[in-house]
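Some notes on the structure that comes next.
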Amino acid sequence: IGDNKKHREIVKEIKKIYGYDIVTLPFKEFDQYFGDVQIRDAGPCEFLGLVKNAEIICTDSFHGILFSIIFKKNFYTFKRFEETDMYNQNARVINIINKLNLKERIIENVKDIDITKIIDYEKVYEKLKTEKKKSIKFLKNALD
């Protein structure tokens, strides 16, 4: 979840709500001691296994969101970038979240968390199926 202190505090609050340990994949110096368990040598397979076997995912990563959806996980996401950041990449996160009607998964404060809202992955996968058909049609038209 990067070095955003607010996001880290929210993750700690999520831990209090759900009671699960915080497992992190330290990336930079500031990551080294955040969370209850730090896995420093995870490769792609280990990363996917961690996502697949997690109870809850907290991420500010586009790929973290996608793998959470693929594995039908309960997840929360943060906007990684400030809107004024010239390298802002929030658009792709917001785009996929909006297309799949998962807006309540973006959190900015602990009060945004509603543990009674469960993701209806049947509806999410129906939306994905529709988007996939649109993408295939677009590619076929572009290649013809």
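The values are calculated or read from the model by the stated rules, or taken from the named source; none is laboratory data. For clarity, every value in this text was computed on a predicted model and none was experimentally measured. Don't worry about glycine lacking a Cβ; one is built from the backbone with ideal geometry, like all the others, and counts go over all protein chains shown. Side chains are part of the model used for accessible areas, which takes the heavy atoms of the whole protein and leaves out ligands, DNA and RNA. Shrake-Rupley method; radii C 1.70, N 1.55, O 1.52, S 1.80 Å.
One table, with the values for the structure above:
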quantity: Only one of VAL51, VAL93 that is at pLDDT below 90 and in contact with a strand residue (DSSP E or B) (Cβ under 8 Å, 6 or more places away or on another chain); calculated: VAL93
quantity: Residue count, the stretch 1-38 (criterion: assigned to a loop (DSSP other than H, G, I, E, B) and either open to solvent by 50 Å² or more (accessible area, probe 1.4 Å) or modelled with pLDDT under 85 (or both)); calculated: 16
quantity: Of all residues making up the stretch 99-121, the number that are assigned to a helix (DSSP H, G or I), over 15 Å from ASN74 (Cβ atoms) and free of Cβ contacts under 8 Å to residues at least 60 places away in the same chain; calculated: 3
quantity: Output for the stretch 92-144, where each listed residue is open to solvent by less than 80 Å² (accessible area, probe 1.4 Å) and of a type in the set (Asp, Glu); calculated: GLU104, ASP112, ASP114, ASP120, GLU131
quantity: Residue match in the stretch 70-80 (condition: more than 28 Å from GLY49 (Cβ to Cβ), in contact with a helix residue (DSSP H, G or I) (Cβ under 8 Å, 6 or more places away or on another chain) and modelled with pLDDT of 90 or more); calculated: no
